[in-house]
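Structure record follows, encoded as structure tokens.
The values are calculated or read from the model by the stated rules, or taken from the named source; none is laboratory data. Predicted model only: the values in this text are computed from it and were never measured. Cβ: placed from backbone, ideal geometry, glycine included. Neighbour counts: every protein chain shown.
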Ligand SMILES: Cc1ncc(COP(=O)(O)O)c(C=O)c1O
């Protein structure tokens, strides 16, 4: 079968068509950015009706030009725009332009990171990027890591290594071969009550269940309360339970609070526990010259979750699981004759599947490689510092304004607050804050977060966008106050 327009090949016709299709796509995407709103405002019902296809698989080809027209009319205008300074709902960022170029390259060449023969240069780049990242977070040459699909998988990877180390080294039990030991119901891992739900999900996936997760109360700064933690561990040990891990958070999802890593390290050492750091959010702080010391404790953790699709502003998906002692990746190694033969390693061919929960895997490391090299230390430091500075500014404005209640001084770039009802208002503060968030979404093209704190509804600004200015932030505060 000879047909052009299928793939980019060395043929002149395919190259011309590739360039034509990519060029038309890039132009359509750029043309769709014709307003500053974060969201055009359509309701779920209207969107559903708009995008429902007559036939996902039409009888005859509709051709690329017709297809792009449909995409341009129905889809592009209704995308959420994370690049808008009116978007600050979640740990979900816009993407740096060079990383979009990286996406085009890695999708076009579609390398698969499981084995060297599917990704020769990509494997060597991922290995180099991982080594440099380990050094960046303060690990030595024993460290290792692997790219993953996101923070949830990086957390699962770190916690799984913790569980396996505990079984192998403390209980003398080969969990990889034999499954969980009889005592598995006694396993305990500790994490703060405001940590991400991937801690519980991981416990379930590891066969331990939610009951293995001990939720530790937080102090006023939303950090794990050390006295409470020590007491919980003491009681568990007394009851014959088996503490194996602390899952610290370096940048909680709502508040950006950072658990006290140095003290947690000491507690882990006392009880022979693994210290995992979920730095899905806070990992980006390392690049800010002004604020990097806030996450210096990461160097003392046994494993670290780094998410590049949050503060680092790289396209989804892009995350890494780093481990202080790479030997523990053995938990994820299994050899197959068809893929990752043992003799490959002996001959210097690295098969990255040996460290990964995934088999087929994207070359996400290219995005880090390109954007780190393009912007350099100085450029990165300025981007990250601006977001953290913006949060400090917003906090100062809110705390001095009697119309607002703000929960905690930000350590990174999230600010959780609520607007207070005016005198004589009959609407409850909870209902009013919920109503205001919906009105911002559908009537003003502004997308902000909402959460619950101490049982009350709060609003949240997650400030990942370095284009935000003090004026934009005070303007949004005024708009919110005016919607009461
Ligand atoms: C603290 C924290 N950990 C882990 C995750 C999960 O990351 P992902 O969505 O990349 O799986 C999130 C997501 O927001 C998070 O905030």
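Values for this structure:
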{"item": "Matching option when the condition is over 28 Å from residue 352 (Cβ atoms), within 10 Å of the ligand (Cβ to nearest atom) and at pLDDT 95 or above, among 195, 149, 154", "result": "195"}
{"item": "The range 208-246: number of residues that are assigned to a loop (DSSP other than H, G, I, E, B) and touching a helix residue (DSSP H, G or I) at 6+ places or on another chain (Cβ under 7 Å)", "result": "5"}
{"item": "Residue within the range 232-248 that is in contact (Cβ under 8 Å) with a residue 60 or more places away in the chain, within 16 Å of the ligand (Cβ to nearest atom), assigned by TED's automatic domain parsing to the domain that holds residue 293 and under 29 Å from residue 91 (Cα atoms) present", "result": "yes"}
{"item": "Residue in the range 297-308 that is more than 30 Å from residue 373 (Cα to Cα) and more than 13 Å from the ligand (Cβ to nearest atom) present", "result": "no"}
{"item": "Single residue of 316, 350 found to be over 30 Å from residue 260 (Cβ atoms) and within 16 Å of the ligand (Cβ to nearest atom)", "result": "316"}
{"item": "Filter result (closer than 18 Å to residue 399 by Cα and assigned to a helix (DSSP H, G or I)) within the range 434-481", "result": "470, 471, 472, 473, 474, 475, 476, 477, 478, 479, 480, 481"}
{"item": "Members of the range 37-56 that are exposed (fewer than 12 other Cβ atoms within 10 Å of the Cβ) and in a loop (DSSP other than H, G, I, E, B)", "result": "43, 52, 53, 54, 55, 56"}
{"item": "Condition met for residue 127 (more than 22 Å from residue 241 (Cα to Cα), within 16 Å of the ligand (Cβ to nearest atom) and at pLDDT 95 or above)", "result": "no"}
{"item": "Residues of the range 269-296 classified as away from the ligand (no atom under 16 Å from the Cβ) and surrounded by fewer than 23 Cβ atoms within 10 Å (Cβ to Cβ), total", "result": "11"}
{"item": "Every residue from the range 81-104 that is out of contact with any strand residue (DSSP E or B) (no Cβ under 7 Å at 6 or more places or on another chain) and not in a helix (DSSP H, G or I)", "result": "82, 83, 84, 85, 92, 93, 94, 95, 96"}
{"item": "Some residue of the range 204-211 being at negative phi, assigned by TED's automatic domain parsing to the domain that holds residue 232 and touching a strand residue (DSSP E or B) at 6+ places or on another chain (Cβ under 6 Å)", "result": "yes"}
{"item": "Only one of 124, 73 that is exposed (fewer than 14 other Cβ atoms within 10 Å of the Cβ) and in the same structural domain as residue 313 (by TED's automatic domain parsing)", "result": "124"}
